[in-house]
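Structure record follows, encoded as structure tokens.
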Amino acid sequence: MNIVIIGNGITGITCARNIRKLDSKASITLISGESDHFFSRTALMYIYMGHMKFEHTKPYEDWFWIKNRINLIRAYVKTLNAIDKILVLENGKPIAFDKLIIACGSKPNKFGWPGENLHGVQGLYSIQDLEQMERNTQNISSAVIVGGGLIGIEMAEMLHSRKIPVTILVREKFYWNNILPKEEAELIGKHMAGHGIVLRLNTELEEIISDNQDRVAGVLTSTGEKFECQFVGLTAGVKPNIGFLMENELETDRGILINEYLETSVPDVYAAGDCAQFRNPKQGEPAIEQLWYTGKMQGETLAKTICGDKSVYNRGIWFNSAKFFDIEYQTYGQVLPEINDQQKSFYWEHPNGKHAFRANYSNTDESILGFNFIGIRFRQVIAEEWIRERKTIAFVIQNLEKGWFDPEFSKTFYKDISLSYFQGIKDGNNE
Amino acid sequence: MKDISLSIASPSAGSPFQKAGAALTACAILCSIIAAFGVGKTNPLLFFFLIIGLFISGGLFYSIPYFKAQAGIKNDGIMQNPLSNRGAIAWGIAILMTGFYIILYWFPYYLEGLIRTMDPLSMMLRSKASDQWFLYGAFYTLAVLIMGMRFIAKYKFSRYHIIRTISVMFFQMGFAFLLPAFLLKLNQPEFYFSYFWPLKYSYLFPNDIDYLIQSGNLGVFMVFWGLVMTFIATPVLTYKYGKRWYCSWVCGCGALAETLGDPYRQNSDKSLKAWKIERWMVHSVLVFIVLTTALLWLNSWKSGTILGDASGLFSQWYGFLIGSVFSGVIGTGFYPIMGSRVWCRFGCPMAAILGLFQRFKSKFRITTNGGQCISCGNCSTYCEMGIDVRAYAQKGENIIRASCVGCGVCSSVCPRGVLKLENLEEEGRFIPYIRHEDRK
């Protein structure tokens, strides 16, 4: 079996590795235009900040690919003929396949802002973007970031590490308010402000102003404010990187359309990770999943299918994590920015504004639905088990210690949380 | 309201405080060199205070930005800084430290002037004049205390690091510097209660034991202490807490690595090849010292009839190769180039024994939190023992490695809160995380 994978990100790599584990004979070829070897995209920020070099972000030593007979090709794909099972690289070289996996990732969103193509304006996704950011931020005195999401705050942290003052424009009422409930969003906003980051909420980008050499000189906002800057980071989300698939047999929408087996509209062609879009996403799940964890899980599932054990992708109980400057965030289960009428929410925050806890639960049987942990580490297996087994909020609050994952000798907060919860019940304050 | 301009001034080699700290430290080194050339002999007290004062104030200034900054990981710019990234400054420091060790071990008369600056302190503590080893002990302890303070400032968000660092500072100053000096003052054997066989290999050699037993009741207790620590405390404590109870909480070599060596921890080699070399080397040293000890006892039992002086030669060579060249010159001198734990990783027989217990019979592990690893590589990069922590974490496996000294920095630098050092039940510690959906 001749398997070709486009993209050497976490999805493609996980798929390749798992195919090799299941099938020692298959020929596996990985094509990437971005890098010779797999690296951790999530670590790009640490290269800029000087915590690591590029080599440190490679999870496997270079001999690993030879030893596991995974052929690596460094090239961009120009065209794909899915029916005849052949693709052509930019250098004109054709590559035939029996099965194809497209895991070519995302690229930063641009929304047609005036000036979005000026020098000094960019997104951050690839290693090339990082190199560009390195060049674009030499000797600058201030920067503006457009978009209040995870990449936005990462970029802010990167620039902050080089002592470049940063202003972030956020369309929503609070930072990352399309994901985080108000309290958590405000907590993170305050923490950012403590690091000198200027947050402009309820503010959109109107126009990027240029100097007379096609370089960015500042931005105009929807509120009429003007900021001078020599760098603009566009971090208003990412979209599937499927430009090279235009005029193709594959059905696409925003991403490559796939079913629950990660199969595309053409037999023996699969898509997974950031670039794929579920035709019929499950209730409450997004059509496009742009996360490290989901990419990894999709890659694992797909490897089984390709090796003959046809498997439905099931992302299980939702989880995610992030770090906002010095504050870690872990979430398990379902925590919407605003609860619906079948839900209740309990929130606790430490007076120092660096630790918080939220538990959302059903208002009918009090069963736990999801958690947010801010500045607290918590065991994934425990949180998932409680959600799966529909433990009650009272049980959860009384047993938090079991899942506590903060380092030894750390101050613990489960007693404060429990006290606050039962005090709230007594006073009738809990939502 | 906090002053924002202060928090923006996050620590980096470029801050004025750190430049002042580096300058003061350079002055301290310069004063030491001047003293060594003879001036120390004529003005010991002046140079004593000059050297110690400059070192301490240099360290203080260097640490100020860490104390002032918001609590959190402070690794900005490490890979660009010539001090930490094997640049010219790093090589300069490596040559200076290696040179110091070579002179200390084999040409101590060049240090005569510097040794004399320690006479007032030595007289006070031990009622005898200083020698090269007292000088070395004083400098060593000073380095642990000053750089320990810097470490505490850098990792002030973590109580694990604060407590652990206070512990190594305490054991170095109390058990490895003051107490042995005090014992000398009382005309007792100079004994280090925080070092045991096989790290302090001679403590189970027949000559040392004979000498201790003949020196009186305290000497007998010292022999007893050494035996208990080697044969009872080592396995029991390692079973309960992992080898960290010794390597990153008590040991003097560990103390120096964790404090003076911290700026260089990222320079340890993480490759599989390095791991293979490590396993051969460290266990060979262990075999070497066990054989040497056995031979010495056999010889002593047969009153020297088997080997004559040959076994003495064996132990002399061990002392030269392992005790001096490896643990001193390479182990510490090469900090800036090869990372802070070269000796502990490749050469220490005590670490080898502790590691065997930790790997095969211990409750200690670094737990990986489910499927949360994003493979970023911070853990592996900042592992001073060169363990590829990420290789385990990204598979959902706990990290159980003979070499892990339990410093806890991988857990601290993890941006997703995936790693936790803990002592749990021994059963099941090797079982990896499997998603509920994938369980059969």
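The values are calculated or read from the model by the stated rules, or taken from the named source; none is laboratory data. Everything numeric in this text was worked out from a predicted model, so none of it was measured. Here the Cβ is made from the backbone with ideal geometry for all residues, glycine too, and neighbour counts use every protein chain on show. Surface accessibility is based on the protein's heavy atoms, side chains included, excluding ligands, DNA and RNA. Shrake-Rupley method; radii C 1.70, N 1.55, O 1.52, S 1.80 Å.
Structural remarks
- Extreme residue, surrounded by the fewest Cβ atoms within 10 Å (Cβ to Cβ), among residues of the range B:254-293 that are small (Gly, Ala, Ser) and over 30 Å from B:Leu313 (Cβ atoms): B:Ser271
- Extreme residue, surrounded by the most Cβ atoms within 10 Å (Cβ to Cβ), among residues of the range B:217-253 that are in contact with a Phe, Trp or Tyr (Cβ under 9 Å, 6 or more places away or on another chain) and polar (S, T, N, Q): B:Thr238
- From the options B:Tyr62, B:Tyr101, B:Tyr136, B:Tyr105, residue that is closer than 30 Å to B:Ser158 by Cα and either part of a helix (DSSP H, G or I) or open to solvent by 20 Å² or more (accessible area, probe 1.4 Å) (or both): B:Tyr62
- Checking each residue in the range A:330-361 for being of a type in the set (D, E, K, R) and under 14 Å from A:Ile188 (Cβ atoms) picks out A:Glu349, A:Lys354, A:Arg358.
- Of the numbered criteria (1) within 14 Å of chain A (Cβ to nearest Cβ); (2) over 23 Å from B:Lys156 (Cβ atoms); (3) buried (at least 24 other Cβ atoms within 10 Å of the Cβ); (4) in contact with a Phe, Trp or Tyr (Cβ under 7 Å, 6 or more places away or on another chain), the one B:Leu354 fails is (1).
- Within the range A:350-374, the residues that satisfy the criterion of being in contact with a Phe, Trp or Tyr (Cβ under 8 Å, 6 or more places away or on another chain) and in contact (Cβ under 8 Å) with a residue 60 or more places away in the chain are A:His350, A:Ala356, A:Phe357, A:Arg358, A:Asn372, A:Ile374.
- Those helices (runs of 4 or more DSSP H) lying entirely in the range A:1-78 with at least 2 residues farther than 21 Å from A:Met133 by Cα, within 14 Å of chain B (Cβ to nearest Cβ) and hydroxyl-bearing (Ser, Thr, Tyr): A:10-22
- Candidates are the residues of the range A:387-431 that are under 28 Å from the mean Cα position of the chain (by Cα) and among the basic types (Lys, Arg); the one that is farthest from B:Leu424 (Cα to Cα) is A:Arg390.
- Residue satisfying condition, being crowded, with 22+ Cβ neighbours inside 10 Å and touching an Asp or Glu at 6+ places or on another chain (Cβ under 6 Å), within set A:Ala303, A:Ala272, A:Ala356, A:Ala276: A:Ala356
- A:Gln298 meets the stated requirement of being open to solvent by less than 10 Å² (accessible area, probe 1.4 Å), more than 14 Å from the chain's Cα centre (by Cα) and within 30 Å of A:Ile339 (Cβ to Cβ).
- Checking each residue in the range B:182-204 for being open to solvent by less than 20 Å² (accessible area, probe 1.4 Å) and either assigned to a loop (DSSP other than H, G, I, E, B) or modelled with pLDDT under 95 (or both) picks out B:Pro189, B:Phe191, B:Ser194, B:Phe196, B:Pro198, B:Leu204.
- Unique residue being touching an Asp or Glu at 6+ places or on another chain (Cβ under 6 Å) and either part of a loop (DSSP other than H, G, I, E, B) or open to solvent by 20 Å² or more (accessible area, probe 1.4 Å) (or both) when the list is A:Lys344, A:Lys310: A:Lys344
- Hits in the range B:108-124 (condition: in a helix (DSSP H, G or I), in contact with a Phe, Trp or Tyr (Cβ under 7 Å, 6 or more places away or on another chain) and crowded, with 20+ Cβ neighbours inside 10 Å): B:Gly113, B:Thr117, B:Ser122
- Here the condition is being at negative phi, part of a loop (DSSP other than H, G, I, E, B) and not small (Gly, Ala, Ser); of A:Gln283, A:Gln277, it holds for A:Gln283 alone.
- Every residue from the range B:147-178 that is over 23 Å from B:Arg244 (Cβ atoms) and either crowded, with 20+ Cβ neighbours inside 10 Å or free of Cβ contacts under 8 Å to residues at least 40 places away in the same chain (or both): none
- Of the residues making up the range B:362-391, just one is more than 10 Å from chain A (Cβ to nearest Cβ) and surrounded by fewer than 22 Cβ atoms within 10 Å (Cβ to Cβ), namely B:Lys363.
- Residues in the range A:384-396 that are in contact with a Gly (Cβ under 7 Å, 6 or more places away or on another chain) and either basic (Lys, Arg) or within 9 Å of another protein chain (Cβ to nearest Cβ) (or both): 0 in all.
- Residue check for A:Ile376: part of a loop (DSSP other than H, G, I, E, B), at pLDDT 95 or above, within 12 Å of chain B (Cβ to nearest Cβ) and within 29 Å of the chain's Cα centre (by Cα): yes
- Of the listed requirements (1) open to solvent by less than 60 Å² (accessible area, probe 1.4 Å); (2) free of Cβ contacts under 8 Å to residues at least 60 places away in the same chain; (3) closer than 27 Å to B:Thr367 by Cβ, A:Glu389 misses just one: (1).
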